[in-house]
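Undergrad: Sharing a structure, written as C-alpha cells. Questions coming.
FYI, it's all coordinate maths here, none of it is from the lab. Model, not experiment: these values are computed from the prediction. With ideal geometry, Cβ positions are generated from the backbone for all residues, glycine too; neighbour counts draw on all protein chains shown.
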Amino acid sequence: EVQVVDSGGGLVQPGGSLRLSCGASGFTFSSYWMSWVRQAPGKGLEWVANIRQDGNEMYYVDSVKGRFRISRDNAMNSLYLQMNSLRDEDTAVYYCARDSSSGLGFMDVWGKGTTVTVSS
Amino acid sequence: AIRMTQSPSSLSASTGDRVTITCRASQYISTYLAWYQQKPGKAPKVLISSASTLESGVPSRFSGSGSGTDFTLTISYLQSEDFATYYCQQFYSYPRTFGQGTKVEIK
C-alpha cells in the first residue's frame, strides 16, 4: 500500500524548535518530490515547502524561509522538516505529502497529519 | 505569490443537486490547477489535476474546467459523501498556493 506516515508534532514554546518526520512506504521514495503542507486550526491549507528527489533543490513559503528546513534521507525513505524559531502562527496540523507521479506540482498521497502547537 | 480566490466560501445544497464552485487566480496559470476534497479531521484528497483530469478512483460526477485564470469544479449529482470542504491549488509557480476553501453543507 502506498502511504506516508507523519510524526513528531507536539507542544513547544515560542522560539523553540521541533523536527517533524515522515516515513514513506509502498513506492520508490527516491523518485518523487515531497512536500509539507499545514493547516492552522479552523483555517485552510497552506503549502510550506518541497524538496526534489535528490535533495538538492528546495522551495519554501516566505513565512518560513530562514526558520524551517526541509530535508530527506532516501536510504531511510524519510522526509523531515526542521522547524526553528517557532511562532504562535506556526500552530497547525502538518501534513507530509507526495508530489504527483506525473511530475506536476499537486499532491497525490497524504499523511494523516501531525499537530504542532506553539504556546507558552 | 499567486492568490487563489474561491467562491462561494460556503454553500448549502441537497442530495441530488448540481453544485458549482469557482476558483480565480490572480494571474495566468494555464491549466496548472488541482482540486482537493477534505472532510473534517482528515487529510485532503486530490480529485482533479491539470484543471480537468479526473484522478484515479474519483467518481465521474466530479468534473473540472477552465484555463488561464478562471476555473470551475462541478459536482453533477451531489451525494451524501460529498459534503466536505473543497480547495483549489495552483502549481504554476512557487510558492504553491491554495484557495481559501468552499464548504459544502447539507441544506
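Undergrad: Give the average, rounded to an integer, of partner chain Cβ atoms located within 10 angstrom of each Cβ in B:50-63.
TA: Taking the mean over all residues of the peptide, I get 1.
Undergrad: Each residue of the range A:72-88 in order: what ³J(HN,Hα) in whole Hz does its phi give by Karplus 6.51 cos²θ - 1.76 cosθ + 1.60, θ = phi - 60°, with x for Gly and Pro?
TA: Whole-Hz 3J(HN,Hα) from phi for the range A:72-88: 8, 10, 5, 5, 9, 6, 10, 10, 9, 9, 8, 10, 10, 6, 5, 10, 3.
Undergrad: Hand me the chymotrypsin sites (Phe, Trp or Tyr not before Pro) from the range A:21-90 located in a DSSP loop with no more than 16 other Cβ atoms within 10 Å, in residue order please.
TA: Passing sites in the range A:21-90 are A:PHE27.
Undergrad: Take chain B, connect every pair of alpha-carbon atoms lying under 10 Å apart with a spring to form a Gaussian network, then pick out the residue of B:LEU33, B:LEU47, B:LEU11 with the largest mean-square fluctuation.
TA: B:LEU11
Undergrad: Of the residues A:ALA97, A:ALA40, A:ALA49, which exhibits the maximal mean-square fluctuation in a Gaussian network model of chain A defined by a 10 Å Cα contact cut-off?
TA: A:ALA40
Undergrad: Over the range A:58-120, what relative contact order in percent results from Cα pairs under 8 Å that are six or more residues apart?
TA: Relative contact order of the range A:58-120: 26 percent.
Undergrad: Another one. Under a point spin-label approximation (7 Å from Cα along Cα-to-Cβ), what is the B:THR72-B:ALA13 distance to one decimal in nm?
TA: Placing both labels 7 Å beyond Cα along the Cβ direction yields 1.2 nm.
Undergrad: Here's something else I'd like to know. Counting partner chain Cβ atoms within 10 Å of every residue's Cβ in A:31-44, what's the average?
TA: 2
Undergrad: Which value, in Å to one decimal place, does the Kirkwood hydrodynamic radius take for the protein assembly as shown when every pair of different Cα atoms is included?
TA: The answer is 17.9 Å.
Undergrad: What FRET efficiency comes out for B:SER65 versus A:SER102 if R0 is 22 angstrom and r is the Cβ-Cβ distance? Round to the nearest 0.05. Intermediate results must be reported in sequence, preceding the final value.
TA: Numbers: r = 19 Å, r/R0 = 0.88.
Approximately 0.70, to the nearest 0.05.
Undergrad: What is the distance in Å between the Cα centroid of the range A:75-120 and that of the range A:10-73?
TA: Computed from Cα coordinates, the inter-centre distance equals 4 Å.
Undergrad: Using alpha carbons only, how many angstrom separate the centre of the range B:1-34 from the centre of the range B:42-107?
TA: Cα centroid of the range B:1-34 versus Cα centroid of the range B:42-107: 7 Å apart.
Undergrad: What are the ³J(HN,Hα) values, in whole Hz, obtained from phi via the Karplus relation 6.51 cos²θ - 1.76 cosθ + 1.60 with θ = phi - 60°, for each residue of the range B:38-45 in sequence order, with x given for Gly and Pro?
TA: Values per residue, Gly and Pro as x: 10, 9, x, x, 10, 6, x, 10 Hz.
Undergrad: Further question: Say the dipole of chain A comes from +1 at the beta carbon of Lys and Arg and -1 at that of Asp and Glu; which of A:TRP110, A:SER31, A:VAL12 then lies farthest toward its positive end?
TA: With unit charges placed on the Cβ atoms, the residue in question is A:VAL12.
Undergrad: Which whole number gives the average count of other chain Cβ atoms within 10 Å of the Cβ atoms across peptide B:91-103?
TA: Taking all residues of B:91-103 together, the mean is 5.
Undergrad: For chain B, what does the equivalent ellipsoid look like in terms of its semi-axes, each the square root of 5 times an eigenvalue of the Cα gyration tensor, given largest first in whole Å?
TA: 22, 14, 13
Undergrad: Non-local amide H neighbours of B:ILE48 (under 5 Å, H modeled in plane, Pro and chain starts lacking H): which ones?
TA: B:TRP35, B:GLU55
Undergrad: Can I ask one more? List the chymotrypsin sites (Phe, Trp or Tyr not before Pro) within the range B:67-107 that DSSP assigns to loop and that have no more than 13 neighbouring Cβ atoms inside 10 Å.
TA: Sparse-neighbourhood loop chymotrypsin sites (Phe, Trp or Tyr not before Pro): B:TYR77.
Undergrad: Cα atoms only: what Rg and Dmax, in Å, come out for chain A?
TA: Rg, Dmax (Cα atoms, Å): 13.4, 43.
Undergrad: Let me ask another. Looking only at B:THR85, B:THR72, B:THR15, which one moves most when chain B is put into a Gaussian network model with springs between Cα atoms under 10 Å?
TA: Of the options given, B:THR15 has the highest mean-square fluctuation.
Undergrad: About its Cα centre, what dipole magnitude does the protein assembly as shown give when the only charges are +1 on Lys and Arg Cβ and -1 on Asp and Glu Cβ, stated in debye to the nearest 20?
TA: Using Cβ point charges on Lys, Arg, Asp and Glu, the protein assembly as shown gives about 260 debye.
Undergrad: Only Cα pairs under 8 Å and at least 6 apart count here; give the relative contact order of chain B as a rounded whole percent.
TA: The value is 39 percent.
Undergrad: Explain nothing, just the number: relative contact order of chain A, from Cα pairs under 8 Å at least 6 residues apart, as a whole percent. Present the calculation step by step, with values, prior to reporting the outcome.
TA: Working: 294 pairs, mean separation 43.0, N = 120.
Rounded, it is 36 percent for chain A.
Undergrad: Using the Karplus curve 6.51 cos²θ - 1.76 cosθ + 1.60 with θ = phi - 60°, what ³J(HN,Hα) values do you get for each residue of the range B:94-100, in whole Hz, with x for Gly and Pro?
TA: 8, x, 4, 9, 10, x, 7
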